[in-house]
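Colleague: Structure below; questions to follow.
The values are calculated or read from the model by the stated rules, or taken from the named source; none is laboratory data. This is a predicted model, so every value here is computed, not measured. Because the Cβ atoms are built from the backbone with ideal geometry, glycine has one as well, and the counts that use them run over all protein chains shown.
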Amino acid sequence: MLIRSCRRRSLAVALALLPAGAGAATITVTTTADGSIPDQCTLRDAIAAANTNAAVAGCTGGDVGNDEIAFAPEVTGTIALTEGQLTISDKLTLSGPGADALTIDAQGQSRVFDIEGDQETSYETTLSGLTLTGGRTTADGDNGGAVRSLSAFHLVDSVVTGNSTAGPNSVGGGLFTATTTQLLRSRITRNWTEGYGSLAGGVMVAFGTAEVVDSTVADNWTEGETSGGGGIVVFWAWFDATFVNSTISGNETRGNASQAAGLAVGGNAFLTNTTVSGNRTLGDNAGGGFIDGAAMSVTGNITLSNSSVVDNRSVSAGGVAIAIAANPGTGLIKATNSVIASTTEGGAALCSKPLDVAASTHNLATDASCGGDALVGGTPVAAAALALAPLADNGGSTWTHALLPGSAAIDSGDDSACAAAPVGNLDQRGHLRPQDGDGDGTAACDVGAFEADDADRIFIDGFDGAP
Ligand SMILES: [Ca+2]
Ligand SMILES: [Ca+2]
Ligand SMILES: [Ca+2]
C-alpha cells in the first residue's frame, strides 16, 4: 500500500514536471574530453543532462523519456575516461558516429557504462556506433567489465573488446546484462574474466532473453575454475537465446570445471544461419555447472537451422560439440540442413545424444554420435568430403566456413526447410539460396550456414569473363 501510494505520487510528480509537448531531447557531445568543461558538452555531462532532465555545463537538458545523445562531427577518436564509469539512470539512446570513428576507453580503471534499473523500472538503453574498451572491474562479484546493465539493453553496430573482470564471481568480461538483451551487427571480441566462478568471458545475460543478429562473439575467454561459458552465457533456465547470421568462434574456458566454450543457454537455443567454430574447453571438466560441450551447452532444446558447428574442442570426455543437461520435457537436439563436424581425427563425441529424429533432417556429421536417421545418406560423412575452407571473411557481416568445390554439403539440403522461416532462402552472409553449386543444372540448398555460388556463374565470372 505504501509502495503503491509512493509510486502514484512519483508518477504525479513526473507528470507535473513534464513540459507541454515534451519528448525525447537530443543532446550533442562537443568534445572528447572527460569531466566537465564550461560551455562544452562532455559525454559525462551529456549523460548527466539526460539522467536529470536538466542542462549541465554546456549540455542542453534532457526530457522525461528516451533522450538521444549524439556527437558533433568533429568528436572522433577516443574518449578516455578519467573519472570512472559513466552511469545511466534514465532511458537513453547513445548514437556514436561508428565503431571505427569513436572509442570510449576506461583505461583499465573502471567499467565504461553502468546502467541502472530494477524490477520496477527499466532504463532501456541503446548504444550504437561505438567501440568500448579498457573496461575492468576488480572487486568480488563486480559483474560486467565494459557494461553492467540492469535494464533492457541493445548494442548496435558496436565493438566491445579488451575488457575484463578480475575478481571472483564476477561474470561477463565484456557485458553483464540483467534482462532482455539484443546484439545487432556488433562484435564482442577478446574480453575475459580471471576469477573463480566468473562465468562468461564475453557476454552474460543473467535473467532475460538474448537475441544475437549479424554479430560476432569471438576470442573471449575465462581463466578461473568453475567459470563456464567462454563466449556467451544466457543463464536462467526459462530464457531462450536466438542467434541469426552470427558467428561464435575461438572462445575458450581455461580453468577446470568450466564447460561450454562457445555458448551456454539455460533455456532453449535457436541457431539460424550461424557458425560455431573453434571454441575450446581446456580444463578438466568432469565437474561444474554444465555438461561439457566445447561448442555449446544447453539445458533446454537446441534447434539448428542451416548452421555449422565446426572444430570445437574439449579435452575431457562428454561432448565436443553439443551437450545438454535436460530439463523435464526438453533436452532435444533438433537440426535441419546443418553441419556438425570435426575436421581432424579423434576427439570426444560431437553430439551428447542423437539428433531428435522427429524434428531433424538433411544434416551432415562426421561421427556417429549424432545418430544416422537425420543425416544425409544415413551415415556420417568423412571430414575430407565436407571440404570446408577455414573460417574467413567471405562477405556479409560475419565470418563463415566456405564450401570448397566438391563438398558433400553442396546441393544436399532440404529445399522446403531452406525456403521456410527462419532461413528464408538466405545464407549467413545474406546471399540468396538455393544455388546450383554442383553445376548439374538444378539449384538446391546447401547444408550449413554457407551457400556455395552457382557453379556456372563461377565458371562464367572466373574464366569466360576474365580479360
Ligand atoms: Ca531523460
Ligand atoms: Ca546449393
Ligand atoms: Ca545442383
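Colleague: Scanning the stretch 430-449 for residues that are away from ligand 3 (no atom under 14 Å from the Cβ) and in a loop (DSSP other than H, G, I, E, B), which turns out farthest from the chain's Cα centre (by Cα)? Even if it seems obvious, please write down each step before you answer.
Modeller: Residues of the stretch 430-449 away from ligand 3 (no atom under 14 Å from the Cβ): 430-432, 448-449.
Retained after the next criterion (residues that are in a loop (DSSP other than H, G, I, E, B)): 430-431, 448-449.
Numbers: Gly430: 18, His431: 21, Gly448: 19, Ala449: 17 Å.
Among them, the one singled out is His431.
Colleague: Output the residues belonging to the stretch 376-403 that are within 16 Å of ligand 3 (Cβ to nearest atom) and without any contact (Cβ under 8 Å) to a residue 40 or more places away in the chain.
Modeller: Ala387
Colleague: Could you list, in sequence order, the residues of the stretch 356-411 that are within 22 Å of Asp438 (Cβ to Cβ), of a type in the set (S, T, N, Q) and surrounded by 23 or more Cβ atoms within 10 Å (Cβ to Cβ)?
Modeller: Listed by number, the residues that qualify are Asn363, Thr366, Thr400, Ser407.
Colleague: Can you list residue pairs whose Cβ atoms sit under 8 Å apart, with the first residue in the stretch 40-69 being at pLDDT below 95 and the second being surrounded by fewer than 24 Cβ atoms within 10 Å (Cβ to Cβ) and among the β-branched types (Val, Ile, Thr)? Count only pairs 6 or more apart in sequence or on different chains.
Modeller: Pairs found: Asn66/Thr93.
Colleague: Taking the condition surrounded by 15 or more Cβ atoms within 10 Å (Cβ to Cβ) and more than 12 Å from ligand 3 (Cβ to nearest atom), does Ala452 pass?
Modeller: Details: surrounded by 15 or more Cβ atoms within 10 Å (Cβ to Cβ): yes; more than 12 Å from ligand 3 (Cβ to nearest atom): no.
Criteria not met by Ala452.
Colleague: Still on this structure, please answer the following. Given the conditions (1) modelled with pLDDT of 90 or more; (2) of a type outside the set (Gly, Ala, Ser); (3) farther than 16 Å from Ala449 by Cβ, report the number of the one that Lys353 does not fulfil.
Modeller: For Lys353, the exception is condition (1).
Colleague: Sort through Asp373, Asp427 and tell me the only one that's within 16 Å of ligand 3 (Cβ to nearest atom) and acidic (Asp, Glu).
Modeller: Working: Asp373 fails: within 16 Å of ligand 3 (Cβ to nearest atom).
Just one listed residue meets the conditions, Asp427.
Colleague: Related question: Could you tell me how many of the residues in the stretch 196-215 are closer than 14 Å to Gly174 by Cα and crowded, with 24+ Cβ neighbours inside 10 Å?
Modeller: Residues of the stretch 196-215 closer than 14 Å to Gly174 by Cα: 198-206.
Among the residues that remain, those that are also crowded, with 24+ Cβ neighbours inside 10 Å are: 198-205.
Residues that pass the stated criteria total 8.
Colleague: Moving to a separate point now. Read through the list (1) out of contact with any helix residue (DSSP H, G or I) (no Cβ under 8 Å at 6 or more places or on another chain); (2) part of a loop (DSSP other than H, G, I, E, B), then give the number of the only condition that Asp90 fails.
Modeller: Asp90 satisfies every listed condition except (1).
Colleague: Considering only residues that are assigned to a loop (DSSP other than H, G, I, E, B), within 16 Å of ligand 1 (Cβ to nearest atom) and buried (at least 17 other Cβ atoms within 10 Å of the Cβ), which ones fall in the stretch 61-82? It would help to see each step written out before you state the result.
Modeller: Start the filter on the stretch 61-82 by keeping residues that are assigned to a loop (DSSP other than H, G, I, E, B), which leaves 61-66, 72-76, 81-82.
The next check asks that each one be within 16 Å of ligand 1 (Cβ to nearest atom); those that pass are 61-66.
Listed by number, the residues that qualify are Gly62, Asp63, Val64, Asn66.
Colleague: Taking the stretch 301-322 only, how many residues are buried (at least 24 other Cβ atoms within 10 Å of the Cβ) and either at pLDDT 75 or above or acidic (Asp, Glu) (or both)?
Modeller: The first filter runs over the stretch 301-322 and keeps only residues buried (at least 24 other Cβ atoms within 10 Å of the Cβ), leaving 302-304, 306-312, 314, 319-322.
Within this subset, residues satisfying the condition of being either at pLDDT 75 or above or acidic (Asp, Glu) (or both) are 302-304, 306-312, 314, 322.
Summing the residues that are buried (at least 24 other Cβ atoms within 10 Å of the Cβ) and either at pLDDT 75 or above or acidic (Asp, Glu) (or both) in the stretch 301-322 gives 12.
Colleague: Considering the stretch 343-366 alone, what residues qualify as being closer than 20 Å to Ala260 by Cα and among the charged types (D, E, K, R)?
Modeller: If the condition is that a residue be closer than 20 Å to Ala260 by Cα and among the charged types (D, E, K, R), then Lys353 is the only one that fits.
Colleague: Looking at (1) farther than 30 Å from Gly329 by Cβ; (2) part of a helix (DSSP H, G or I), which is the one condition that is false for Ser416?
Modeller: (1)
Colleague: If a residue has to be more than 11 Å from ligand 2 (Cβ to nearest atom), hydroxyl-bearing (Ser, Thr, Tyr) and in contact with a Leu (Cβ under 9 Å, 6 or more places away or on another chain) to count, how many in the stretch 397-436 make the cut?
Modeller: Residues flagged as more than 11 Å from ligand 2 (Cβ to nearest atom), hydroxyl-bearing (Ser, Thr, Tyr) and in contact with a Leu (Cβ under 9 Å, 6 or more places away or on another chain) within the stretch 397-436 amount to 1.
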